[in-house]
Amino acid sequence: MSGIGRRGHLPRGAVRLSTCAVGAVVLVLAVSGCSSSPSGPKAKDSAATMSTDARWVAAKVRAGFKPLGVFTVTQDGTKAVSCGHGKASYSFAGHQTFTIGPVDTYLNLSTVVDPWLKGRGYSIDFDKKSTYEFGTRNSQNLVNKKAHINLTVSATASSEKATTEVWTATSHTDCLRAG
């Protein structure tokens with residue numbers, strides 16, 4: 001009768017084994033993500049870091065090059081975009097125009113950003129392709145994995161002979177828990 005005792009009941013040891021198995025499954029589910037305790041940064045906290053870091057690197061660039069006008073922010077990182085399931089993402093965008101000399105001046109602009117931002121937790125994001133078009137465009141993608149921030153810095157000129165360039169910083173947070 002394959003493990004079933006008299007009167008159709010499971011033997012006593014089999015019931016204990018089944019109870020232990022159910023308990024183990026519940027424990028595994030609780031540990032693997034069914035827990036209600038959130039972890040990682042909140043979207044609003046990462047947004048504040050993102051905005052501060054983008055403005056910091058813009059000020060650093062302004063100090064090293066010849067700016068024309070002010071750094072213009074077009075998205076300030078304060079508007080949450082819902083990702084569903086109680087999560088949100090934020091974006092930042094700004095640009096600055098600079099006077100440039102030799103063609104390489106603006107090309108170096110975005111490549112020096114990586115060493116500047118290492119101390120703030122950023123590294124080159126090799127999963128995203130950077131753009132390089134000789135004489136007209138250079139971009140670098142960076143990521144701060146701890147804060148869940150993606151930052152792209154670009155320098156663009158109208159031609160190899162251009163006397164000005166536009167430097168942009170665009171950034172967004174991953175979809176993180178809101179609140």
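In order along segment 150-160, the phi-based Karplus estimate (6.51 cos²θ - 1.76 cosθ + 1.60, θ = phi - 60°) of 3J(HN,Hα) comes to 10, 10, 10, 10, 10, 10, 10, 10, 6, 6, 4 Hz; Gly and Pro are listed as x. For segment 111-179, chymotrypsin sites (Phe, Trp or Tyr not before Pro) are listed when DSSP marks them as loop and at most 10 other Cβ atoms sit within 10 Å of their Cβ; the list is Phe126, Phe134. Taking other residues whose beta carbon is less than 13 angstrom from the beta carbon of Lys42, and scoring Lys, Arg as +1 and Asp, Glu as -1, yields +1. Segment 39-96 and segment 111-129 have Cα centres separated by 15 Å. Across segment 70-81, coupling constants 3J(HN,Hα) worked out from phi with the 6.51/-1.76/1.60 Karplus curve, θ = phi - 60°, read 9, 6, 9, 9, 9, 9, 8, x, 10, 9, 7, 10 Hz, and Gly and Pro carry x.
Just so you know, all these numbers are worked out from the coordinates, no wet-lab data involved. Quick caveat, the model's predicted, so the values are computed rather than measured. Neighbour counts run over all protein chains shown; Cβ positions are idealised from the backbone, glycine included.
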